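Reading through the C-alpha cells given below for one structure.
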Amino acid sequence: MNLRLLHVGLGPLGLRIQTDLLARRLGATVAVVDPAPQLAGRMLSEFVPGAPAVRIHPRLEDVPDFDALDAAIVTTSSDLRACADTFRGLLDRGVSVVSSCEELIYPWLRHRALAQELDLRAKESGAQLLGTGVNPGFLMDALPVFASAVCNAVRSLSVQRIQDATTRRVPFQKKIGAGLDRASFDAAIADGWLRHVGLGESIHFCAHYLGYTVESWSETIEPVLATRELECKLGRIPVGHAAGVRQVATGIVGGEPRLRFEFQAAIAQPDPHDRVVLEGDPPIDLVIRGGVHGDVATSAIVLNALTPTLAAAPGLHTMATIPMVACSDAGRRR
C-alpha cells in the first residue's frame, strides 16, 4: 500500500522518519507542516535528499487537500495537551493519525477527559488515532504484555531500559540533562522539562492489559553523575556533572509493589540493555543485549504502525488494540 502522508513536526525525529520512509518506499509525503521560522515556506527536499518537492506549511490550515491523505504522522511534543489541537484538526477532517506523543501511549492516566473527547472525534469522522514509540510504546508496554501471552499467571513485572545516550539525537541528550551541574539539574526537574515521559503510562498500560488494579504509584528521578570527563553532542561533561538521568516507577497492586519500571539513559553508560522479567508460570526473563537504539526504533515503529492503525476500527487506540505491528519489506519488493 503506497500511503499518501501528511507529516507534522520536522524536528530530528521527524527528519529521521522522512528519511526512512523514503529509503523503505512505504509511501509518499504529500504535505508537511512545521511552524518553525527556519522551516516554514521551504521545501522538504532541502532537508531530506531525494524527498518530493513538497512545501513546508506553517499551519495545518494551509494544507491544500486533506482528501488526498491516507494518514498523518505527528512528531511534535511529548505532552498530549500540546498536541491536542493538531489531533482535533486532523480527526475532524477524517485524517487518521500515528503520533510519537508519549502521553498518547496510554492517555487515560493523565488526560481521561481529553482521551474520551479524541476517541469520540475519531469515531464520528471514521478516523483512527494511535500513540506509539520505542519507549513508551513497545519496550516497556507492548513487549511485556505480549510476552505474558505464554503465562498461566503473572505475579509481578519488572522492566529495565538502560541506554548509552552517546549516539542519541541532541534533543534527547538535552532531555536527560547531559552536562548539567546538580543545581541546574534539579532546577530543570522543577521546571518540568527534564525527564523521560512515559513511565507512568507504561505502568498503567501493562496493568490494564494484565488485569491489575493499580492502587497507587510513585516515580523517582535522579542524575547519573559523570565519574570521568565525558563528551556529548552538547559539549564537555565535567566530573560530577550529570551524564544522564535515572527514573524508577513503582506500581502497588494488592498492597505489594508488583510493577517496577526502571529507565536510565546516560552518556557512556556501560552495559546498555533492555530487560523484561515476568515472575509467573512460567517465569520469563527477556534481555536485549546492547539495548534498542531509540532513534532508529522510534522511526521504525511509527512507520510500521501506519498500515495496522488504518486497518483498525475508528477511534483512539493503543498498541494492544490494533492489528499486530511488524516490519514489512513490501515496499522494497519489485
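So the values come out like this:
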{"read-out": "Cα-centre dipole for the chain with unit charges at Cβ (Lys and Arg positive, Asp and Glu negative), debye to 20", "value": "740 debye"}
{"read-out": "Whole-Å semi-axes of the ellipsoid equivalent to region 107-162 (Cα gyration tensor, √5λ, descending)", "value": "28, 13, 12"}
{"read-out": "Estimated D of region 184-276 in µm² per second, where Rh is the Kirkwood radius over Cα pairs and Stokes-Einstein applies at 4 °C, 1.567 mPa s", "value": "87 µm²/s"}
{"read-out": "Where N is the number of residues in region 88-197, Cα Rg divided by 2.2 N^0.38 Å", "value": "1.35"}
{"read-out": "Protection proxy ranking, peptides 246-254, 83-91, 222-230, average beta carbon neighbours within 10 Å, highest first", "value": "83-91, 246-254, 222-230"}
{"read-out": "Inter-part distance where region 251-328 and region 28-51 are each reduced to a Cα centre, Å", "value": "31 Å"}
{"read-out": "Per-selection Rg to Rh, region 35-152 - Cα, Kirkwood hydrodynamic radius", "value": "1.04"}
{"read-out": "Arg55-His273 pseudo-label distance in nm [points 7 Å out on the Cα-to-Cβ vector]", "value": "5.4 nm"}
{"read-out": "Extension gain from Ser216 to Ala28, taking 0.36 nm per residue of separation minus the Cα-Cα distance", "value": "63.2 nm"}
{"read-out": "Label-point gap, in nm, between Glu46 and Asp295 - each point 7 angstrom along Cα→Cβ", "value": "2.2 nm"}
{"read-out": "Extension gain, Arg228 back to Asp85 (0.36 nm per residue minus Cα-Cα distance, nm)", "value": "47.0 nm"}
{"read-out": "For the chain, the Rg and Dmax computed from alpha carbons only, in angstrom", "value": "20.0, 58"}
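Rule-based calculations on the coordinates, nothing more; no lab input. In this text, all values refer to a predicted model and were calculated from it rather than measured experimentally. When we count neighbours, we look across all protein chains shown, and the Cβ atoms used for this are built from the backbone with ideal geometry, even at glycine.
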